[in-house]
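Q: Encoded as structure tokens, here's the structure I'll be asking about.
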Amino acid sequence: MLPARSIIAFLLLISTLWTTTAFALESPQVSARRDGSIVRLVVANGDAYSGYNIYRDGKYTLTVRPSGSMRSFNVPAKVGQFCVVGFNDSSAPTRYSTCSNTLNVTDSDGPLSVNSNGDDSDGAGSDSDGGSDDAGGNGGGTVAAPANLRVQRYSSTAAELFWARPNGTAPVRYRVLRNGSEVLNSHVFSYFQEGLDPATTYRYEVQSIAADGSKSAVASVELPGVGGSGSNGGASGDDSGSSGGNDEPSGSGGAEVVVKRSDIVLTEGEPVAITVPLEVTRDDSRLGAVELSLEAVSGDALDNMSAWFEPERLERGKSKSKLRMRLEIDVAPILEHERRFRLVARAGDGSDRVLASKEFPVRMLPVSAPDVYLLIGQSNMEGYSEWDARQRWEGGLDAPHERIRQLNVRQNNRGIFNADWKFTNEGENIHHPTYITAEDPLHEPWSEWQGYKSGNHIGPGLTFAKSALRHTSQTIYLVPAAWGATGFCANVFGNIAWNARPRSESWLGNTLLADRALTRLNMTLRDTGGIFRGILWHQGGADSNDANCANAYRDNLKALARRLRSEAREDRRGKSARGEDSDVPFIVATQSRGKDERGDYSVFSSTKRIVDRAHREVSTYIPHSDYVDNDDLVPPSYPCGSSSCVHFGAAAYRETGRRFSAALRHVVEH
């Protein structure tokens, strides 16, 4: 039997099942009886489940699908620590519970309903601390309250709560309440929220829950309000809003302008322009026509915006107009922010004389849609760091983040992708569940029965996404599609290659990897409703050893970028964001110059220099692109990865991820 510490660690892994679905099931309430060589498990609250996955001593044992009203089943084992995960697959997506109360079945025959501490008390599934489910329980359990609880406000309507694992017994999950209502029950260490009322003060209470069901005392923190109105500013385009509006007049040249709407809000991508009622009053009734215009108080206030007046010209005796405003979805995600505008009324007699002006603020909100990034290339995008380099634990450099998710892809294996049609078949490309919290290695699948990824190496993708989080309030979806040792030329896998179109040259490969990347990208854009935010390419080695391959590399890379931008599924940015030279950022990275006892890659060959130059000059032949310079990521500061220094090590991959993010920001900001 595994030690209790190993079982608790296993429960932490199993609890990730809860967070891979939008609507988790309640944990099963299970009791047990040992009858000779059989353990009989009984579920008290079984109506919600289609079946159960049984785990013994930290390992998957079997799946049971009860027939009819059956809520008990036998497990062929005499003793052990048992955990039951309920699931319901009656409709997609399949929903899972967290692990049940842990059952420690010993050599004693008879009924048992026990926790991981060995308490033989009756009452399956009850809280061992005897407390209620309220956050303010008695705190007399075996686990301490979460440590270092803090909250960070990102904008007037968005904030994130953070905490750390307490000392002592490790919790299997945490319960978060906001102003007394539960908003999260999971194993994660942060909670992001948007849509907050700026004027409201929020109180958060976080409680640790141990594997035995006991609860800690609560840790609490407050997020003070920042003032202002919590309304949406009438973003639907309603013409109302004059009551209580921003109606302080402004004028010094014979007229006054009144903006008759308060808390004006623009949300990216809304199909209907908002309406802001205006009124221009003339001090002198003899003044003639007035022409209206909108100016930016700051230089970029009008970026990605359309605005017009109905009417733009007010003839003599006319005083009312409407300002229509609409915000397009930007190439890069935005955070909530404020822009200031100036409404100007000029004489309509051709003199261009300013009669009045009025400044007013507009609150800008991001589109509510995930950010989607495509990760492609060969082994240095897959990630071939040192083995056991992954720091997955809470606080570790490679710890998962609840706002970073990924397509759960099948591993790169010729035994799996053994026919051309499989590269573009969605079912052959993914593992169940389809989307998971992103976890290194990104290109290996997470499976339900295992509860975690077995690989212990990393690549640059997860750190890239963590760096990108600071620029978005949305969830990030990563689409892993790289394959080691591949390029545009034929390679060790035969003709599996990245070409955009079929080629006649015998030394070039096929299009299957480009086809597969588009299949994965397009299903993610379709399923998530996300916005295609960028392409990351880390490749070159497979094309650096042959003169033909190297000389064709620049043109082949350009053709690939054009195809991906053209054939990506249309998202909410519309048709203007697609096409061969669309503004979806395309970022490449240079190859390793590492050197250690296994080999020296610090000096590039003549053919490798051709490929390297294509990377460094990418912005001259592919619009909206940039490159990441990795020349300094070499030992001893940055140890090399697996097999040789052709691969970067973990520290270098993390830095490359950060540089990918910086290069992408450079593209979208210039």
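The values are calculated or read from the model by the stated rules, or taken from the named source; none is laboratory data. Values in this document were obtained by computation on a predicted structure and should not be read as measured data. Here the Cβ positions follow ideal geometry from the backbone for every residue, glycine too, while neighbour counts run over all protein chains shown.
Q: Mind checking which residues of region 543-568 are surrounded by 19 or more Cβ atoms within 10 Å (Cβ to Cβ) and assigned to a loop (DSSP other than H, G, I, E, B)?
A: 544, 568 - these are the residues of region 543-568 that are surrounded by 19 or more Cβ atoms within 10 Å (Cβ to Cβ) and assigned to a loop (DSSP other than H, G, I, E, B).
Q: I'd like to know if region 274-291 contains one or more residues that are among the polar types (S, T, N, Q) and either in the same structural domain as residue 582 (by TED's automatic domain parsing) or in a strand (DSSP E or B) (or both). Full working, then the answer.
A: Keep residues of region 274-291 that are among the polar types (S, T, N, Q), which gives 275, 281, 285.
After this cut, where a residue has to be either in the same structural domain as residue 582 (by TED's automatic domain parsing) or in a strand (DSSP E or B) (or both) as well, the list is 275, 281.
Among the residues of region 274-291, at least one is among the polar types (S, T, N, Q) and either in the same structural domain as residue 582 (by TED's automatic domain parsing) or in a strand (DSSP E or B) (or both), which makes the answer yes.
Q: On to the next question. Tell me, which residue of region 600-629 that is under 28 Å from the mean Cα position of the chain (by Cα) and more than 18 Å from residue 543 (Cα to Cα) is surrounded by the fewest Cβ atoms within 10 Å (Cβ to Cβ)? Outline the logic, then answer.
A: Here is the first cut: in region 600-629, the residues under 28 Å from the mean Cα position of the chain (by Cα) are 615, 618-619, 622-629.
Okay, now just the ones that are also more than 18 Å from residue 543 (Cα to Cα), so 619, 622-626, 628-629.
On the way: 619: 16, 622: 21, 623: 16, 624: 20, 625: 23, 626: 21, 628: 25, 629: 13.
Top of the filtered list is 629.
Q: All but one of (1) closer than 20 Å to residue 663 by Cβ; (2) of a type in the set (Gly, Ala, Ser); (3) part of a loop (DSSP other than H, G, I, E, B) hold for residue 467; which doesn't?
A: (3)
Q: To continue, here is another question. Of 398, 388, which residue is crowded, with 17+ Cβ neighbours inside 10 Å, touching a residue at least 24 places away in the same chain (Cβ under 8 Å) and either of a type in the set (Gly, Ala, Ser) or more than 28 Å from residue 510 (Cα to Cα) (or both)?
A: On the way: 388 fails: crowded, with 17+ Cβ neighbours inside 10 Å.
Matching residue, one of 398, 388: 398.
Q: Working carefully through the options 455, 395, 415, find the one that is at pLDDT below 95, more than 30 Å from residue 499 (Cβ to Cβ) and either assigned to a loop (DSSP other than H, G, I, E, B) or touching a Ser or Thr at 6+ places or on another chain (Cβ under 8 Å) (or both).
A: None of the other options fit; the residue is 395.
Q: Follow-up question, since we're still on this one. Answer yes if at least one residue in region 310-318 is surrounded by 13 or more Cβ atoms within 10 Å (Cβ to Cβ), under 28 Å from residue 574 (Cα atoms) and not charged (D, E, K, R), and no otherwise.
A: No, there is no match, as no residue in region 310-318 is surrounded by 13 or more Cβ atoms within 10 Å (Cβ to Cβ), under 28 Å from residue 574 (Cα atoms) and not charged (D, E, K, R).
Q: Moving on to the next point. Looking at region 610-640 only, could you name the residues that are within 16 Å of residue 551 (Cβ to Cβ) and assigned to a loop (DSSP other than H, G, I, E, B)?
A: 617
Q: Of the residues 427, 451, 455, only one is buried (at least 21 other Cβ atoms within 10 Å of the Cβ) and in the same structural domain as residue 494 (by TED's automatic domain parsing); which?
A: Numbers: 427 fails: buried (at least 21 other Cβ atoms within 10 Å of the Cβ); 455 fails: buried (at least 21 other Cβ atoms within 10 Å of the Cβ).
The conditions single out 451.
Q: Mind checking which residues of region 250-301 are crowded, with 18+ Cβ neighbours inside 10 Å, hydroxyl-bearing (Ser, Thr, Tyr) and out of contact with any strand residue (DSSP E or B) (no Cβ under 6 Å at 6 or more places or on another chain)?
A: 262
Q: Separate question: Has region 354-369 got any residue that is among the charged types (D, E, K, R) and closer than 24 Å to residue 647 by Cα?
A: No: zero hits.
Q: Evaluate the following for residue 571: is it in contact (Cβ under 8 Å) with a residue 60 or more places away in the chain, under 24 Å from residue 514 (Cβ atoms) and part of a loop (DSSP other than H, G, I, E, B)?
A: Working: in contact (Cβ under 8 Å) with a residue 60 or more places away in the chain: yes; under 24 Å from residue 514 (Cβ atoms): yes; part of a loop (DSSP other than H, G, I, E, B): yes.
Spelling it out, residue 571 is indeed in contact (Cβ under 8 Å) with a residue 60 or more places away in the chain, under 24 Å from residue 514 (Cβ atoms) and part of a loop (DSSP other than H, G, I, E, B).
Here is a yes/no grid of residues against (1) assigned to a loop (DSSP other than H, G, I, E, B); (2) of a type outside the set (Ser, Thr, Tyr); (3) touching a strand residue (DSSP E or B) at 6+ places or on another chain (Cβ under 8 Å):
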{"residue": "303", "(1), (2), (3)": "yes, yes, no"}
{"residue": "308", "(1), (2), (3)": "no, yes, yes"}
{"residue": "317", "(1), (2), (3)": "yes, yes, no"}
{"residue": "326", "(1), (2), (3)": "no, yes, yes"}
{"residue": "329", "(1), (2), (3)": "yes, yes, yes"}
{"residue": "341", "(1), (2), (3)": "no, yes, yes"}
{"residue": "350", "(1), (2), (3)": "yes, yes, no"}
{"residue": "367", "(1), (2), (3)": "yes, yes, yes"}
